Amino acid sequence: MLATSVLATASPAGATAPLGTKSLAGIPGVTIDSKTALRSDGARLTTALPGGTIKVDVLNRRCRLIRLIDADRNDANPLINPRAFDINKGNRQIAHGIWLVLRPIDI
């Protein structure tokens, strides 16, 4: 399954930032390209849901592997598809494709 997520205002060193997905009401924010996303290891992103956070875990910068650790602890965490970075590059908002389902709350 391929879903699309939009990282917004993520920054390195564990900063907090909004995250929107096409399945949720997205939160527009600052454009985050793949280069910035790959430097955002440890960042915590807030979601459109109250209290929901997603942690960015950069597994391998060279292979462009990023795992998004969501709040659903008993299900697999999604990965950003390394072949689907920077969708709509050049626009104000850039999307990144993901594998699996992003769940910002424990279901």
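A few notes on this one:
- Sole residue being modelled with pLDDT under 70 and surrounded by fewer than 16 Cβ atoms within 10 Å (Cβ to Cβ), chosen from 20, 14, 29: 14
- Residues that are basic (Lys, Arg) and free of Cβ contacts under 8 Å to residues at least 60 places away in the same chain, drawn from region 53-107: 55, 61, 62, 64, 67, 73, 83, 89, 103
- Residue list for region 83-107, filter: in a strand (DSSP E or B) and under 21 Å from residue 52 (Cβ atoms): 95, 96, 97, 98, 99
- For region 36-53, the count of residues that are of a type outside the set (A, V, I, L, M, F, W, C), in contact with a strand residue (DSSP E or B) (Cβ under 9 Å, 6 or more places away or on another chain), surrounded by 14 or more Cβ atoms within 10 Å (Cβ to Cβ) and in a helix (DSSP H, G or I) is nonzero.
- Note on region 57-77: among residues that are part of a loop (DSSP other than H, G, I, E, B) and in contact with a Ser or Thr (Cβ under 8 Å, 6 or more places away or on another chain), the one that is surrounded by the fewest Cβ atoms within 10 Å (Cβ to Cβ) is 64.
- Selected residue [closer than 18 Å to residue 34 by Cβ and at pLDDT below 85] from 90, 97: 90
The values are calculated or read from the model by the stated rules, or taken from the named source; none is laboratory data. Only a predicted model underlies this, so the values are computations on that prediction, with no experimental measurement involved. Cβ sites come from the backbone with ideal geometry, for glycine too, and all protein chains shown count toward neighbours.
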